[in-house]
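Undergrad: My structure is below; once you've seen it, I'll send some questions.
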DNA sequence: AAAGTATTTTTAGCGAACTAACTATAACAT
DNA sequence: ATGTTATAGTTAGTTCGCTAAAAATACTTT
């Protein structure tokens, strides 16, 4: 009985996240970006020159994933890599001008996606929803 | 102001879905399955002998994705493919015994994942949450 | 100083999901 | 009957994300 409700929640979350990913992926193609790369850039807008290890921790993904994302972003001219002078193992990642210019357009896309997702949901409900999502987040840790 | 709340919701959903995927992926490895394959099998438990096109529509993914998933599931002996007798373009997909046997173990995994995700959330809240998620789902269509 | 250990990144190889382009078959139209 | 169009599926090539294993550098310990 309650299992059905809970299972709907799991499946629903699954459908929402895949649909969001699909939608958003398409939308990002207009900026010549792939899904996930916007999150990496977002971290750099907060402050660049950080290491791949730090990016990996922030994005909660494994180091090889960062290597590949960084390679793709570098090839497309959004970032550049510089070896650390103190520690030759470390690569520090910086934004190019082209990478800096994406900040505004991506924020616009984020707001569009938010509004599409939440359009029928009232402000009080949004607050409640956020609380429940945060709880689920910590349940997963 | 409200943008911050909404943005948290988008990001929160994003973090939950990646964490769920990561967790779940690991858990499915015990059954020798990859993430997403359980949804394909679930559709077959409802009734097999359907075409790849129907699977593609049900899973809301593109035909090449189905080709690859089906190939992998066939190689691991969970399903088999049979060309349609009326229409030689069509492939019909059937469960093997090994595939049928996964139904119970996967339901167990689903319930485990649900419970992990929702453990701190009360029944009334779950009902509300489900309603809000369903709304978001239709907002995305 | 040399050997062993730890850290950061890369390489290789897997599946998911995508698009674009292709093959094979079927259906329709002239 | 032949040519065009539509449908089903596959192939090739991309990125994301993973694990396992390797390479390069730094640190520690003897």
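Read-outs: derived from the displayed coordinates by stated rules, not from any lab. Quick caveat: nothing in here was measured; it's all calculated off a predicted structure. So basically every Cβ, Gly included, is an ideal-geometry build from the backbone, and we count neighbours across all protein chains shown.
Undergrad: What residue of chain B sits with its beta carbon nearest the rotation axis taking B to A, and at what distance in whole Å?
TA: B:17, 2
Undergrad: Using only the alpha-carbon atoms, how far is helix A:123-140 inclined from the longest principal axis of chain A? Give it as 0 to 90 degrees, nearest 10.
TA: Relative to chain A, helix A:123-140 is tipped by roughly 70 degrees.
Undergrad: Just to confirm the number: angle between the C-alpha axis of helix B:63-75 and the first principal axis of chain B, 0 to 90 degrees, nearest 10?
TA: Its long axis makes an angle of about 70 degrees.
Undergrad: Next question. Mind checking Rg over Rh on the range A:2-140, alpha carbons, Kirkwood formula for Rh?
TA: 1.04
Undergrad: Could you check which residue among A:109, A:100, A:119 shows the biggest mean-square fluctuation in a GNM of chain A with a 10 Å Cα cutoff?
TA: With Cα springs under 10 Å in chain A, the top fluctuation among A:109, A:100, A:119 is at A:119.
Undergrad: What share of Cα pairs, in percent, lie more than 31 angstrom apart in the protein assembly as shown?
TA: 39
Undergrad: Could you give the distance between the Cα centres of the range A:60-87 and the range B:74-141, to the whole Å?
TA: Centre-to-centre distance over Cα atoms comes out at 36 Å.
Undergrad: Counting helices only, and only those DSSP H runs with n ≥ 4, report the 222 nm mean residue ellipticity of chain A as the sum of -39,500 (n - 2.57) divided by its residues, in deg cm²/dmol to the nearest 500.
TA: Taking each H run of at least 4 residues, the total per residue is -22000 deg cm²/dmol.
Undergrad: Neighbour counts of other C-beta atoms within 10 Å: give me A:53, B:91, A:69 arranged from fewest to most.
TA: Exposure proxy ranking, most exposed first: A:53, B:91, A:69.
Undergrad: To the nearest 10 degrees, how steep is helix B:2-29 against the longest Cα principal axis of chain B, on a 0 to 90 scale?
TA: It is inclined by approximately 40 degrees.
Undergrad: If the elastic network links every pair of Cα atoms under 10 Å, which of A:107, A:30, A:125 fluctuates the most in the Gaussian network model of chain A?
TA: It is A:125.
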